[in-house]
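None of the figures in this text is laboratory data; all of them are computed from the coordinates on show. Here the structure is a predicted model, which is why all the values come from computation and not from measurement. Cβ placement follows ideal geometry from the backbone for every residue including glycine, while neighbour counts extend to all protein chains displayed.
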Amino acid sequence: MNELTGPLLAVLAALAIYFLFRPGRGWLERWRRRLRLSDRVLSEDALKHLYHCEYEQRVATVQSLSGALGTPVEKVAGLVQRIEAGELATSEGASLRLTPKGREYALRIIRAHRLWERYLSEETGLKEPDWHKRAEQQEHRLTSSEADALAARMGNPPFDPHGDPIPTQRGQLPPRRGQPLTSLAVGERARIAHLEDEPEAVYAQLVAEGLHPLMAVQLTHVSAERICFRAEGEEHVLAPIVAANVAVVPLPREQPVEESLETLAVLEPGQEATVVGLSPNCRGLERRRLMDLGLLPGTVVAAEMRSPVGDPTAFRIRGALIALRGEQAANIRIGSRRQVA
Amino acid sequence: MSPANSREEVLEAAANLRWEVGPDLHDSLMEALYTDAARISDRVLSRDDARPAFDLDRTIDRLVTSRWLGFPIMMLLMAVVLWVTITGANVPSSLLSSLFLETLHPALKQAAAAAGLAWWLDGLLIDGMFLAVAWVVSVMLPPMAIFFPLFTLLEDFGYLPRVAFNLDRWFKMAGAHGKQALTMAMGYGCNAAGVVATRVIDSPRERLIATLTNNFSLCNGRWPTQILIATIFIGSLAPPALAGLVSAGSVMAVVLLGVGGTFLVSWGLSRTLLKGEASAFSLELPPYRPPRILQTIYTSLIDRTLIVLWRAVVFSVPAGAAIWLVSNTHVGGASLAEHLIQGMNPFGLLIGLNGVILLAYIIAIPANEIVIPTVLMLTVVSAGLPGVGEGAGVMFELDSASATLGVLEADGWTLLTGINLMLFSLLHNPCSTTLYTIWKETGSVKWTAASALLPVAMGFVVCFCVAQAFRWLGG
Amino acid sequence: MKPNPPPGACEICPAHHSANLKRLGVNMDRYHFVVALAGNPNTGKSTLFNSLTGLRQHTGNWPGKTVTRAEGGFAYQGSNYKLVDLPGTYSLLSTSTDEEIARDFILFGQPDVTVIVVDATRLERNLNLVCQVLEITGRAVVCLNLMDEAERHRLTVDERSLARELGVPVVPAAARQGRGVPMLIDMIHQVATGGFVCKPHRIQSEPPALKRAVSLLVEKLGAAFPDLPNARWVALRLLEGDARIEEAVRSGELAGLVRAPQGAATAAPAEGAG
């Protein structure tokens, strides 16, 4: 036995050393790479924050960075040092600014993020909650040539599913669109262009209200305490400080006001109604398909019959009989219902 | 300015304008198009407003989608189609089989002998390849030539989309499309045709689901296996008066198990492997049109029956050769088949089957039609039964069920082997014709492999569990 | 409003030269004109294809039967026509493979005539596709198919007004019974040889912002590609970010699509083109 123990130990030790230090795929190497990756992820996220602040003309500080990254201030200080050492940002007093090189870097990450969200929303069956999470990871993995290939394949989309512009290959971005919701007068109509996602508590409130980009809104009441408006048939009330975080683009006045509380899902066989709009929740392949079939604002739709098991329902749409499932019908808003003559 | 420059300028201008136009360009363009379309249509279209007292389309629709009659009408039509297929196919099937097996085969053998063909060439060509093709054609052609035109008539009339409409809710629960009901029904005729039929499903995810699960529809080539095994192993357990009913019931149970498998696997696929695939439901219910019977029969024969048959024939030729070769190539005193059967027997017995069945399913992959003849031939080879069958490598069937039972029992088959063979016949890889079709339709090796491995794995697991339960119960 | 011609009227009208018609099936090595067959799914496109070429492609009462592109031919008045059956689509603006095939063929394949098969019973939805095709090519004939079904549903289509609105010939037909097919062939011939000069309808109802962007881009396109017949459509595609069109602009391929005025090709039909 003793004669065997020595060589056996030697072999085991050799194996352990091999697996630990194997070039490229050794455990140590992998561990270091993961550390570096998370370092890289953190600094890339920091650059993104700096860029967002710049785009929205806010001042970025170590404190705001710490809040945005959810990292203690002490750790952020080290991070800022590394970023400055890499000549990606400079600090002037308390405020942090991107260098041209840092701006370019940040735009590359934002481009990858928004492109990936666009990809997930248009070409996969994944639902809204998954997009942001997955894009937050994918943005650090996509190389810029991969991002370009993806963009080309999708027809270089100018906007992501939240209505935010996607930076071009050369890092161009249009000036910020829209004005604060608070600047509208009563009765004016506008379309939501962007929801500010910081501070987080305010953003959460906007999401809870069910607001999303591309939604049409009409102001009904403004006072010092609250701002009331209608959107997709529902009344919303926000504090002015919250409403200021909603950017809108005014709409021409002559268009009729969309008044609707109901969707196609409530249409009973024998009733008809006029389509007011497709919800922004319906997107990608499905949205294009429904529009190709003629489901557009102004289309008169009549429910003709229901499947014996209750779903789907067949609708007469521009002369053709089309079956839609309940959850699809719920994405199509309609005006008042009436019995078919 | 150089042309290349002015071209770049166009692209640059377009890129800038895209920010200005905003994200709803597609929406406003579609709206503009439909506004124009509606305006023109209003000007040129006039409708005779005196509503007819009787609107045929609407009446038929009310009837076939009604709460009380919708499902019974569907069942009735399906039953009629199946009944006409089964009874109608009997006569031509036996005619073809007697022509090929009793007339042509001996004639060919005689001619070969007269021409002095080497025994191995004669065996390979006539006993191997010719018999495989003959079997496939005589079992496959008549039912397909009846089933597909009937199905196509219903399709031309416009009834099939209504079936999808009636059943969509159940399929939706499994993450699938209502039209899958039709590709499944098509699969009862032939899985390869069922896979082609998934083209009518225009949503990518749902189409893949329908393609990957079509194999759970018991195809035309597997019905005879089910009926034979059910008759000799399960029907014989019941009193003679009830034997027919019991064996038919057990075949139905396997069919329903297949339906259950379809829903279960569809549900699983839509939530795991296929979660990220794009999906968009749309189902148009076209107006009814009177079917043109002669033309339908002609085109469905050409398009569906003959194409599928041709593929099956192409694939069964090498299979026939393989079947003959494994039983006639001798290594170390025993044929290759015997070695393989011996090798696979332990695993086969573990899952309640045996080496013969496993080997038969491997070499008869091109067509399920030749599984039973191959099983019988291999059984004779491995059990060494003298005087039964036609010789090594020559597939055959016996005239009576009891004779078949005798042969199988001599090789150690039990009730468990019978039950598991029925299960395995449902749950195994699709035939190579279907696999080839899946590959052609999806263009993906990955999905083709998945559609082959998934049912085999399920088959092994199910057979193993049944075998354990059976032995534990002391069966 | 003009009543529909009674069934069979086409068989006695002078346009009917059945003696001149030869169905060539797939044997067409030498052809003078290429005809594309576009349309919504399930409008009887394949049936029409079969009756024009004498082939027997399977057709069914299902949207989306034709998946692969089918080709065939016929000869009429001494000219050989190659007929290409495109996949049926509701639109040409989305991103599915079918739509790309149809769109690319109509634009880059430069068919001499595009026949748009229209279901007379669902006119409005079908006109959506017609308007899109007319933006790409003015050399088109609208085949108002399924007239028998429209009559059964008591619908009357005033095909003369429709032709006036669209600016291209409109031929009522019932392809399943062969009604209207001779007239259609004659119209194809007239458009191909320049006997009928089309003035295609163009989209009119786009919102002001879009209109502005399109006209700006059309101006730029005019500088780069003078005489481009479908500059408005190219502009729309560029605004939607169609990578294939961007490439055609960048490489200058688009310049090759500027064709001689309609009818000029008839003087010397290209023998065995392609």
Check: In deg cm²/dmol and to the nearest 500, what is the mean residue ellipticity at 222 nm of the protein assembly as shown if only DSSP H runs of at least 4 residues count, each as -39500 (n - 2.57), divided by the residue total?
Finding: -16500 deg cm²/dmol
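Any idea what the relative contact order of the stretch B:56-197 is, in percent, if you count C-alpha pairs under 8 Å spaced at least 6 apart? List each step's numbers first, then the result.
Details: 96 pairs, mean separation 32.9, N = 142.
So the answer I get is 23 percent.
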Check: Any idea how far apart B:LEU385 and A:ARG141 come out in nm if each label point goes 7 Å out from Cα toward Cβ?
Finding: 5.8
Checklist line | Within a Gaussian network of chain A (alpha carbon springs, distance under 10 Å), most fluctuating of A:ILE110, A:ILE192, A:ILE317 | finding: A:ILE317
Next item on the list: Quick one: what are the phi-derived ³J(HN,Hα) couplings along the stretch B:265-281, Karplus 6.51/-1.76/1.60 with θ = phi - 60°, whole Hz, x for glycine and proline?
Entry: 5, 4, 4, x, 4, 5, 9, 10, 4, 9, 4, x, 6, 5, 8, 8, 7
Item checked: Alpha-carbon spread of chain A, three principal axes, descending order, Å -> 99, 60, 35
Item checked: the stretch B:1-106: chymotrypsin sites (Phe, Trp or Tyr not before Pro) falling in loop per DSSP and having at most 13 other Cβ within 10 Å -> B:PHE54, B:TRP68
Check: Assuming a viscosity of 1.306 mPa s and a temperature of 10 °C, what translational diffusion coefficient in µm² per second does Stokes-Einstein assign to the stretch A:207-341, Rh being the Kirkwood radius over Cα pairs?
Finding: 98
Next item on the list: Using DSSP, restrict attention to beta bridges with both residues in the protein assembly as shown and report what percent are antiparallel, rounded to the nearest 5.
Entry: 80
Checklist line | Computed over chain A: relative contact order in percent, which uses C-alpha pairs under 8 Å that are six or more apart | finding: 11
Note to self: How large is log10 of I(q)/I(0) for the stretch B:145-218 at q = 0.16 Å⁻¹ when the intensity is taken from the Debye formula with one equal scatterer per alpha-carbon?
What the structure shows: -0.50
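Calculated FRET efficiency, B:PHE470 and B:ARG271, Cβ-Cβ r, R0 45 Å, to nearest 0.05?
E between B:PHE470 and B:ARG271, to the nearest 0.05, is 0.90.
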Note to self: Please compute the length gained on full extension between B:LEU264 and B:ILE293, using 0.36 nm multiplied by the number of residues separating them and subtracting their Cα-Cα distance.
What the structure shows: 6.7 nm
Notebook entry, point to check: Taking the Cα-to-Cβ direction at C:GLU71 and at B:MET252 and moving 7 Å from each Cα, how far apart do the two end points lie in nm?
Noted result: 5.4
Notebook entry, point to check: Dividing the alpha-carbon radius of gyration of the stretch B:37-193 by 2.2 N^0.38 Å (N being the number of residues), what value is obtained?
Noted result: 1.68
Next item on the list: Mind checking the full-extension length gain between A:GLN63 and A:VAL249? Use 0.36 nm per residue of separation minus the Cα-Cα distance, one decimal, nm.
Entry: 63.8 nm
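Can you give the FRET efficiency for B:SER94 and B:ALA334, using 1/(1 + (r/R0)^6), R0 = 35 Å, r = Cβ-Cβ distance, to the nearest 0.05?
0.45
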Check: For A:ILE317, which sequence-distant residues (separation of 5 or more, or a different chain) have an amide H within less than 5 Å of its own amide H, given hydrogens modelled in the peptide plane?
Finding: A:ILE322
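Give the Kirkwood hydrodynamic radius (Å, one decimal) of the stretch C:136-186, defined as one over the mean of 1/r across all pairs of different Cα atoms.
That comes to 11.5 Å for the stretch C:136-186.
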Item checked: C-alpha center-to-center spacing [the stretch A:258-330, the stretch B:77-116] in angstrom -> 53
Check: the stretch B:1-118: Rg/Rh from Cα coordinates, Kirkwood Rh?
Finding: 1.43
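Starting from the Cα gyration tensor of chain B, multiply each eigenvalue by 5, take the square root, and state the resulting semi-axes largest first in whole Å.
Ellipsoid half-lengths, sorted descending, are 49, 28, 24 Å.
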Next item on the list: Give, as ranges by residue number, the residues of the stretch A:323-341 whose backbone N falls under 11 Å from the point 7 Å along Cα→Cβ of B:ARG67.
Entry: none
Note to self: How far apart, in nanometres, would the label points at C:THR95 and A:SER336 be if each is projected 7 angstrom from Cα along the Cα-to-Cβ direction?
What the structure shows: 4.1
Item checked: Stretch gain in nm, segment B:ASP57-B:LEU121, where the contour uses 0.36 nm per residue and the Cα spacing is subtracted -> 16.8 nm
Next item on the list: Give the range of the longest stretch in chain A that excludes all trypsin sites (Lys or Arg not before Pro) found in loop regions by DSSP and having at most 11 other beta-carbon atoms within 10 Å.
Entry: A:26-126
Item checked: Compactness of the protein assembly as shown - radius of gyration and Dmax, Cα, Å -> 34.4, 111
Next item on the list: Send over the Kirkwood Rh of the stretch C:62-218, from the inverse of the averaged 1/r over different Cα pairs, rounded to one decimal Å.
Entry: 16.7
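From the Cα gyration tensor of the stretch B:107-263, with a ≥ b ≥ c the square roots of its eigenvalues, which class applies: rounded if a/c is under 1.5, or else prolate if a/b is larger than b/c, or else oblate?
oblate
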Margin query: Between B:GLN342 and A:PHE19, how high is the FRET efficiency from 1/(1 + (r/R0)^6) when r is the Cβ-Cβ distance and R₀ = 35 Å? Nearest 0.05.
Written below: 0.25
Next item on the list: Place a label point 7 angstrom from the Cα of B:VAL461 along the Cα-to-Cβ direction, then list the residues of the stretch B:405-442 whose backbone nitrogen is under 20 Å away.
Entry: B:420-430
